[in-house]
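Trainee: This is the structure I have questions about; it appears just below.
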Amino acid sequence: MEKRRLSKRRVMNGTIRKTAGGLEKRDIAVRRSKGRLGSRRFVSRRKSNAGKKNVWTKAFVRARKVLGVKGFVAPRKSGGTKEQRDLYKKTLELI
């Protein structure tokens, strides 16, 4: 078990058998174009969620237009101003 930097790279090269998290060579995949390594499960989950990441942002923009919010207003689930709570509720409705 390897606990230091570049342990995934060392597993891929065959220097060691497992990382500290228990990943073996078959569990590791290339994550980015720069060649960074990550777990195969994480990579596949990230690819499947790629289209879903903009859902909140698009709903938030529409909610701001519907409510006529100008300037910076952070949505709040509880606390904050009435405008912040309304913005949060409207965003959830539009998702």
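Trainee: Taking a 21 Å limit on the Cα-Cα distance, which of the listed pairs 47/89; 65/90; 3/53; 58/89; 65/89 fall beyond it?
Mentor: On the way: 47/89 29 Å; 65/90 11 Å; 3/53 32 Å; 58/89 14 Å; 65/89 14 Å.
Violating the 21 Å limit, Cα to Cα: 47/89; 3/53.
Trainee: Relative to the longest principal Cα axis of the chain, at what angle does helix 82-94 sit, 0 to 90 degrees, rounded to 10?
Mentor: Once rounded, one gets 60 degrees.
Trainee: Put +1 on the Cβ of each Lys and Arg and -1 on the Cβ of each Asp and Glu in the chain; which of 44, 55, 69 then has its Cα farthest toward the positive end of the dipole?
Mentor: 44
Trainee: With percent of Cα pairs over 19 Å apart as the read-out, I listed (1) 63; (2) 58; (3) 46; which label goes with the value calculated from this structure?
Mentor: (2)
Trainee: Let me ask something else. Enter the angle in degrees (range 0 to 90, nearest 10) between the Cα long axis of helix 55-67 and the first principal axis of the Cα atoms of the chain, meaning the one along which they spread out most.
Mentor: The angle comes out near 10 degrees.
Trainee: For the stretch 56-95 and the stretch 10-31, what is the centre-to-centre distance using only Cα atoms, to the nearest Å?
Mentor: 44
Trainee: Could you work out which residue, out of 67, 23, 37, moves most in a Gaussian network model of the chain, that is, has the largest mean-square fluctuation with Cα springs under 10 Å?
Mentor: Per the Cα network of the chain with a 10 Å cutoff, 67 tops the list.
Trainee: Summing -39500 (n - 2.57) over the DSSP H runs of n ≥ 4 in the chain and dividing by its residue number, what mean residue ellipticity at 222 nm do you reach, to the nearest 500 deg cm²/dmol? Provide the component values of the computation, followed by the final result.
Mentor: Values: 4 runs with 42 residues, N = 95.
The helix contribution divided over the chain gives -13000 deg cm²/dmol.
No value in this document is a laboratory result; all are computed from the given coordinates. Keep in mind it's a predicted model, so treat the numbers as computed, not measured. Ideal geometry is used to build each Cβ from the backbone, glycine not excepted, and the neighbour counts take in all protein chains shown.
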